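One structure is given below, encoded as C-alpha cells.
The values are calculated or read from the model by the stated rules, or taken from the named source; none is laboratory data. Note that the coordinates shown come from a computational prediction; the quantities given were computed from them, not determined experimentally. Note that we place each Cβ from the backbone using ideal geometry, even for glycine, and neighbour counts take in every protein chain shown. For the accessible areas, the whole protein counts, side chains as well, though only heavy atoms, and no ligand, DNA or RNA atoms are used. Shrake-Rupley method; radii C 1.70, N 1.55, O 1.52, S 1.80 Å.
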Amino acid sequence: MHKLQAAITAVHGYAPEYILTNHELEALVDTNDEWITTRTGIKERRILKGEGTATSDLAVPAVNGLLKKRGIGAEEIDLIIFCTTTPDMPFPATANILADKIGAKNAWGYDLQAACSGFVFGLATGAAFIESGKHKKVLVVGGDKMSSIIDYQDRATCIIFGDGCGAALLEPNTEGYGVVDSVLKSDGSGREFLNMKAGGSLRPATHETVSAREHYAFQEGKTVFKFAVTNMANVAAEIMERNNLVADDVAWLVPHQANKRIIDATANRMGISDEKVVINIERYGNTTNGTIPLCLWEWESKFKKGDNIVLAAFGGGFTWGSLYLKWAY
Ligand code: UT7
C-alpha cells in the first residue's frame with residue numbers, strides 16, 4: 001500500500017454558448033484577427049450572456065456534470081474550494097452560493113483568490129485536506145465570468161479573456177495515484193502590472209472610480225508576459241527536476257492558457273513535444289481560473305491511468321506554480 005494521496009476521480013467543465021470571435025472584436029476596438037491570432041493564439045472566446053448570471057452559474061453545470069459522471073450526490077461533498085477572481089459578490093463566498101445551488105448541504109467551503117494560478121493553488125490545498133485524512137471528497141472548482149470585469153474598449157485586455165469553468169473531485173488514493181508534488185509561489189510586488197484598481201477596500205466604488213473605468217481588469221501585457229514566460233517555465237522545470245522526471249516521463253503538460261507563446265516557451269524549457277501539450281486557447285481564450293480544469297475536462301478521454309501530468313500556471317499577484325500528479329483512471 002502506498003501513502004495516502006489525493007487523486008482526481010472526475011472532471012467536468014462548462015463553457016457558455018455565446019462565441020465572441022476575433023472578427024466581432026474588430027468592430028469594438030482597433031484590432032484584427034491576424035494580430036490576435038499571431039500574438040496570442042486566440043480565435044474566439046465564450047461569453048455568459050443574460051441579466052443576473054454570475055460565475056456560480058458557470059459552475060453549476062460543470063459540477064452537476066461531474067457528480068453525474070462520478071455517480072455521487074452533492075450531499076457527499078465535504079469541502080468546496082472555489083478558485084475565482086470574479087466571485088458572484090465580494091461576500092459571501094461563491095463556494096457558499098454554489099453549495100446552495102447544487103444542494104451540497106454537508107459541505108463547507110471558501111473562495112481562493114490567486115488569479116490565473118488559482119486552480120493549481122486550489123488543487124494543492126484540496127489535496128492537503130485529503131492527505132491529512134480530514135476529508136474524503138473535496139471539490140475544486142476553477143471558474144470566471146471574466147466578461148464582467150473586462151473593458152470592451154480596451155484592446156489590451158478584451159481580446160484575451162473569456163468565460164468558463166471546470167471542476168475536479170479529489171478523493172483518497174493509496175495505490176500510488178494522485179497529486180505527488182507542487183511548487184507554489186507568489187510575489188505581491190507584481191500587483192501593479194495586473195489588477196483591478198477599484199472595488200476593494202483601497203478604492204471603494206465611487207462615481208469617480210466608475211468614470212475612470214477602474215472596475216475593469218488592467219494589464220501591462222509586456223511586463224506580465226516577461227514574468228510569465230520565465231516563471232512558468234522555471235517552476236515547471238523545477239518540479240520535473242525534484243521528482244527526477246525527464247521529458248519522456250511526462251505524458252502531458254497542462255498549462256494555463258494565457259498566451260500560446262508562453263505555453264510554447266514552457267514546453268520548450270521542459271523539452272516536451274507539441275503533441276503532449278494540452279492547448280485549447282484558440283477556442284476559449286484566457287478564462288483565468290477556468291483554463292486548466294477546462295483542459296482536463298476536454299482531454300480526459302485521452303489521459304490513461306498512471307500518466308504523469310504536469311500542470312503549470314502564472315497569474316496576477318504575481319502568483320505562479322506547478323503541480324505534478326499521476327492520473328488515477
Ligand atoms: O493570465 C494571466 C497572465 N497574463 C499573461 O500571461 C498575459 C501576458 N501578456 C501577453 O500575453 C501579451 O503581452 C499581450 C498579448 C497582452 C500583448 O502582446 P505583446 O506582443 O506583448 O504586444 P505589446 O503590448 O508589446 O504591443 C505590440 C504592439 C503595440 O504597437 P506598437 O507600439 O508596436 O506600434 C501595441 O499598441 O501591438 C499593439 N497592440 C495591438 N494591436 C492590435 C496591442 N494590442 C493590440 C491589439 N490589436 N489588440
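Here is how the numbers come out for the structure above:
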item: Checklist (1) within 16 Å of the chain's Cα centre (by Cα); (2) open to solvent by 10 Å² or more (accessible area, probe 1.4 Å); (3) of a type in the set (Val, Ile, Thr) applied to Ile97, failing item; result: (1)
item: Residue under evaluation Arg283, criteria (1) closer than 23 Å to Gly221 by Cβ; (2) within 16 Å of the ligand (Cβ to nearest atom), criterion not met; result: (2)
item: Residue within segment 207-223 that is more than 16 Å from the ligand (Cβ to nearest atom) and aliphatic (A, V, I, L, M) present; result: yes
item: Selection within segment 269-315 - part of a helix (DSSP H, G or I), farther than 17 Å from Gly41 by Cα and out of contact with any strand residue (DSSP E or B) (no Cβ under 8 Å at 6 or more places or on another chain); result: Arg269
item: Residue match in segment 30-43 (condition: free of Cβ contacts under 8 Å to residues at least 24 places away in the same chain, acidic (Asp, Glu), open to solvent by 40 Å² or more (accessible area, probe 1.4 Å) and not assigned by TED's automatic domain parsing to the domain that holds Arg191); result: yes
item: Filter result (more than 29 Å from Ile150 (Cα to Cα) and open to solvent by 30 Å² or more (accessible area, probe 1.4 Å)) within segment 210-252; result: Asn234, Glu238, Glu241, Arg242, Asn243, Asn244, Val246, Asp248, Asp249, Trp252
item: Residue list for segment 135-174, restricted to those being assigned to a loop (DSSP other than H, G, I, E, B), out of contact with any helix residue (DSSP H, G or I) (no Cβ under 7 Å at 6 or more places or on another chain), more than 14 Å from the ligand (Cβ to nearest atom) and closer than 19 Å to Cys83 by Cβ; result: none
item: Near pairs, Cβ below 9 angstrom, 6+ apart or cross-chain, from segment 304-320 (polar (S, T, N, Q)) to any residue that is within 16 Å of the ligand (Cβ to nearest atom) and assigned to a loop (DSSP other than H, G, I, E, B); result: Thr319/Ala114; Thr319/Asp187
item: Evaluation of Ala115 against (1) closer than 15 Å to Gly316 by Cβ; (2) in contact with a Gly (Cβ under 7 Å, 6 or more places away or on another chain); (3) open to solvent by 50 Å² or more (accessible area, probe 1.4 Å) (one fails), failing number; result: (3)
item: Residues that are within 16 Å of the ligand (Cβ to nearest atom) and either outside the structural domain of Met89 (by TED's automatic domain parsing) or among the polar types (S, T, N, Q) (or both), drawn from segment 106-134; result: Gln113, Ser117
item: Number of the condition not met by Tyr324 [criteria: (1) within 16 Å of the ligand (Cβ to nearest atom); (2) touching a helix residue (DSSP H, G or I) at 6+ places or on another chain (Cβ under 6 Å)]; result: (1)
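One line per residue, one yes/no per condition, for (1) part of a helix (DSSP H, G or I); (2) touching an Asp or Glu at 6+ places or on another chain (Cβ under 9 Å):
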| residue | (1), (2) |
| --- | --- |
| Glu34 | yes, no |
| Gly50 | no, yes |
| Thr53 | no, no |
| Lys68 | yes, no |
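Table: residues versus (1) open to solvent by 10 Å² or more (accessible area, probe 1.4 Å); (2) under 25 Å from Asn231 (Cβ atoms).
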residue	(1), (2)
Phe119	no, yes
Val138	no, no
Gly142	no, yes
Ile149	yes, yes
Ile160	yes, yes
Gly164	no, yes
Ala167	no, no
